[in-house]
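Some notes on the structure that comes next.
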Amino acid sequence: MVVDDHPMWREGVARDLTEAGHQVVATSGEGRQAVRVAAAARPDVVVLDLQLPDISGVEVIRGLRAALPEVRVLMLSASGEAQGVLDAVKAGATGYLVKSAAPAEFLDAVRRTAAGEPVFTPGLAGLVLGEYRRLAAEPGGATPAGTGPRGGDGAAPRLTDRETEVLRLVAKGMSYKQIAERLGLSHRTVQNHVQNTLGKLQLHNRVELTRYAIERGLDD
């Protein structure tokens with residue numbers, strides 16, 4: 001789904017996605033409408049502008065996540081201003097790309113977002129990781145859900161050695177491809193480890209997983 005208030009830009013992005021083999025299930029130029037339409041269209045990925053005429057992109061993310069907890073949101077904005085990026089990620093965006101990105105970079109970002117990978121315009125990934133480290137260092141820092149993940153008996157869930165190893169590399173901001181090369185695994189195997197870890201920790205995406213790892217010092 002593509003959400004942008006500029007018709008020519010919105011139609012152009014939708015056309016590029018369609019030509020690349022993606023199914024565009026809906027488009028919208030307003031935030032509130034986007035949340036209503038998404039609830040019915042049930043997209044896997046929403047490409048979302050930060051600035052909309054009625055409500056902010058951050059509010060749209062919150063509405064989307066409430067209606068579709070598994071949806072993945074890729075921000076596509078003209079602005080790379082730090083606060084906007086952090087607000088979007090904290091609200092639940094999977095990635096953030098500026099509109100000056102090349103078409104091939106954008107299409108790659110959509111594919112990676114669909115796979116659950118955080119995707120950021122160069123320079124922004126470090127900003128997000130730095131903010132998570134700052135939050136984790138604060139007294140009483142909480143996990144994204146507000147409480148630490150627990151197993152059914154109230155204890156912290158147990159991860160395998162390989163899952164922990166992958167989690168450490170996730171916390172360092174490495175992509176699935178980089179992790180696969182580092183550990184001598186296939187891209188699919190790394191994805192499976194991440195998905196298993198998300199399930200055990202009751203988290204929703206790699207952004208939340210990264211913060212969880214940083215809060216526990218696994219990025220050292």
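The values are calculated or read from the model by the stated rules, or taken from the named source; none is laboratory data. Note that the structure is predicted; figures quoted are calculated from it, not measured. Positions of Cβ are backbone-derived with ideal geometry, glycine not excepted, and every protein chain shown enters the neighbour counts. These area figures cover heavy atoms from the full protein model, side chains too; ligands, DNA and RNA do not enter into them. Shrake-Rupley method; radii C 1.70, N 1.55, O 1.52, S 1.80 Å.
Could you list all residues from segment 197-212 that are under 18 Å from THR94 (Cα atoms), of a type outside the set (Asp, Glu), open to solvent by 30 Å² or more (accessible area, probe 1.4 Å) and in a helix (DSSP H, G or I)?
Here is the first cut: in segment 197-212, the ones under 18 Å from THR94 (Cα atoms) are 197-199, 201-212.
Subset that is of a type outside the set (Asp, Glu): 197-199, 201-207, 209-212.
Adding the requirement that they be open to solvent by 30 Å² or more (accessible area, probe 1.4 Å) leaves 199, 202, 204, 211.
Across segment 197-212, the qualifying residues are GLY199, ARG211.
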Exercise for the section: Look at LEU17 and say whether it is assigned to a helix (DSSP H, G or I), under 20 Å from PHE120 (Cα atoms) and touching a residue at least 60 places away in the same chain (Cβ under 8 Å). Expected result: yes
Completion exercise
Of the residues in segment 11-48, those that are open to solvent by less than 60 Å² (accessible area, probe 1.4 Å), in contact with a strand residue (DSSP E or B) (Cβ under 6 Å, 6 or more places away or on another chain) and under 20 Å from GLY95 (Cβ atoms) come to VAL13, ALA14, SER28, ALA34, VAL45, VAL46, VAL47, LEU48
Handout entry: Count - residues of segment 114-144 that are of a type in the set (Ser, Thr, Tyr), within 15 Å of the chain's Cα centre (by Cα) and either at pLDDT below 60 or under 20 Å from ARG168 (Cα atoms) (or both)
Key = 1
Exercise for the section: Answer yes or no as to whether VAL190 is open to solvent by less than 80 Å² (accessible area, probe 1.4 Å), modelled with pLDDT of 75 or more, of a type in the set (Val, Ile, Thr) and more than 16 Å from the chain's Cα centre (by Cα). Expected result: yes
Practice task
Check segment 35-42 and report whether any residue there is within 23 Å of GLN191 (Cβ to Cβ) and touching a residue at least 40 places away in the same chain (Cβ under 8 Å).
Solution key: no
Problem - Hits in segment 64-92 - residues which are surrounded by 14 or more Cβ atoms within 10 Å (Cβ to Cβ), at pLDDT below 90 and assigned to a loop (DSSP other than H, G, I, E, B) - result: SER79, GLY80, GLY92
Handout entry: Any hit, segment 99-117, residues being surrounded by 20 or more Cβ atoms within 10 Å (Cβ to Cβ), closer than 25 Å to ASN192 by Cβ, in contact with a helix residue (DSSP H, G or I) (Cβ under 7 Å, 6 or more places away or on another chain) and acidic (Asp, Glu)
Key = yes
Practice task
Being crowded, with 16+ Cβ neighbours inside 10 Å and either under 18 Å from the mean Cα position of the chain (by Cα) or more than 20 Å from THR113 (Cβ to Cβ) (or both) is the filter here, so list the residues in segment 177-187 that pass it.
Solution key: ILE179, LEU185
Problem - Tally, over segment 165-183, of residues that are free of Cβ contacts under 8 Å to residues at least 12 places away in the same chain and not in a helix (DSSP H, G or I) - result: 1
